[in-house]
Every structure is written in C-alpha cells, then in structure tokens.
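Comments concern the structure below.
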Amino acid sequence: MPAVVGERMMHVLLIKHRATTTQLAEALDVPTERIFAALRDAEALGYIQDSGKPRLGWAITEDGVRYAQRRVDQTSADGKAVISTRYEVFRELNGELKKLCTDWQTRDPATNGAAEFSDRLGPIDDRIQRILAEIRPLADHFADYGARFARARTKFESGVEGYLTGVLVDSYHNIWFECHECFLITLGRSRSNEESGSPQ
C-alpha cells in the first residue's frame, strides 16, 4: 500500500466507515488511479472490503480499524491536552456552522443568495484553519482537514452551491462532521455521551 496515500485513505475510511473511489479521491485530492491502487493493496491486507456495489464502495474491516486507529493512538498525552482545549473552541464554532447550514437549507433562494452565506462562512473557516494549524504538528491524522475545508469553501464561493451542505460531494458540512468525529476518537469521547451530557 503506497505509504502516504494509504495512511491518509485509511483515516478517511476510519471516520466514514465506507466510501467510494470517487469520494476518496476527492477527499484526498488524489487521482483515482492512485486511490484504486491503494484500495487494492489495502484489500490484499484485509483492511477493507469491496461491497460489490459502486454506490456503496469500500468498507473498512475490523483489521482496518485497528490499523488506522494506531495512527490516532500515537498522539501524546501533551498533544491530547492541547487538542482538548482547541476542541472547546471547535464546539463553539459547531453551533455557528449548524446555524449557518440550517439558514442555508431554509432560505428563500429568490432573496437570499450565496454571497451572504459566503460572508458568514469565511470567519468560521478562518478560525477552524487556525485551530487545525495548531493541531497538525501534534496529530498528523488531522493533516487533511484544512485543505479539504479550503477546497469546499472555494468551490462554494465560486458558485458551486452543493459544497456547503451537499451530501454526495466533499461539502463543508460533510467535512465538518468528519473532523468532529476525528476530535472525538482522538480524545476518547463519544458523540452520544457528549450530546446527552453524560460523563466521558
């Protein structure tokens, strides 16, 4: 398995659980030919399984989860302490992004264009980019999120509206959900406990 592409690909599958070749290529900004080669190598190692259905793609196996989780587990205790403090800022931004996405989905397209929402997305993206820049040296499994957010923002601001909340593309909302999950697995927390207010 090509080292760099394979490691990055396995992290995406750890978070997504399953993905198509096209989805992986877009998320990693890598040609589909290289993704396909990495998928075949990972399949040979027993890390992923082909669903046999193009729209469902590839699913990570238990061995694959263990392999990908090792990269997450390399984060030091000091690194996790820093990530924990930055996560609290992320949670504040989470509310802002949720409100932005809800407003976008319930807008009147005739009176509310993308420009207004681009203006609101900009400050959120600027702040998450600063958070990720601080985290990346401490936990390299966060490395791809900044570039993914930047690509989604650029596409949305250029008029490709699906890149804010679209389901079938690497949209800002989809990336945000995955980044949130990455924080949780790094810190050993669960989304259900967080939402219920239960202790970790």
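Since every read-out is calculated from the coordinates, none of them should be taken as a lab result. Computed from a predicted model, the values in this text were never measured in an experiment. Neighbour counts are summed over all protein chains in view; Cβ atoms, including those assigned to glycine, are modelled from backbone coordinates with ideal geometry.
For the pair Lys53 and His17, a Förster radius of 22 Å applied to the C-beta separation gives a FRET efficiency near 0.90, rounded to the nearest 0.05. Each residue of region 51-61 was assigned a 3J(HN,Hα) from its phi angle through the Karplus expression (A = 6.51, B = -1.76, C = 1.60, θ = phi - 60°), giving 6, x, 10, x, 6, 9, x, 10, 10, 6, 9 Hz with x at Gly and Pro. Around Gly57, under 11 Å between beta carbons, what's the net of Lys plus Arg minus Asp minus Glu among the other residues? Around Gly57, the charge tally is +3. Among residues other than Phe156 with Cβ under 15 Å from its Cβ, the summed charge is -3 (Lys and Arg +1, Asp and Glu -1).
Taking the Cβ of Val30 as the center, what net charge do the other residues with Cβ under 11 Å away carry, scoring Lys and Arg +1 and Asp and Glu -1?
Here the charged neighbours net out to -2.
For the chain, the membrane-span-like helices by this rule, meaning whole DSSP H stretches whose C-alpha atoms cover at least 15 Å of axis and whose Kyte-Doolittle mean is 0.0 or above, are 3-16, 172-187; this says nothing about an actual membrane. By the count of other C-beta atoms within 10 Å, a proxy for reagent exposure, Leu56, Leu138 are ordered fewest to most as Leu56, Leu138. Entry note, the chain: the mean residue ellipticity at 222 nm calculated from DSSP H runs of n ≥ 4, each adding -39500 (n - 2.57), is -22000 deg cm²/dmol after division by the residues and rounding to the nearest 500. If R0 is 25 Å, the Cβ-Cβ spacing of Glu134 and Asp108 corresponds to a FRET efficiency of close to 0.05. Excluding residues on the same chain fewer than 8 positions from Lys155, give the lysines whose Cα lies under 25 Å from its Cα. Once the sequence-local lysines are set aside, what remains near Lys155 is Lys16, Lys98, Lys99.
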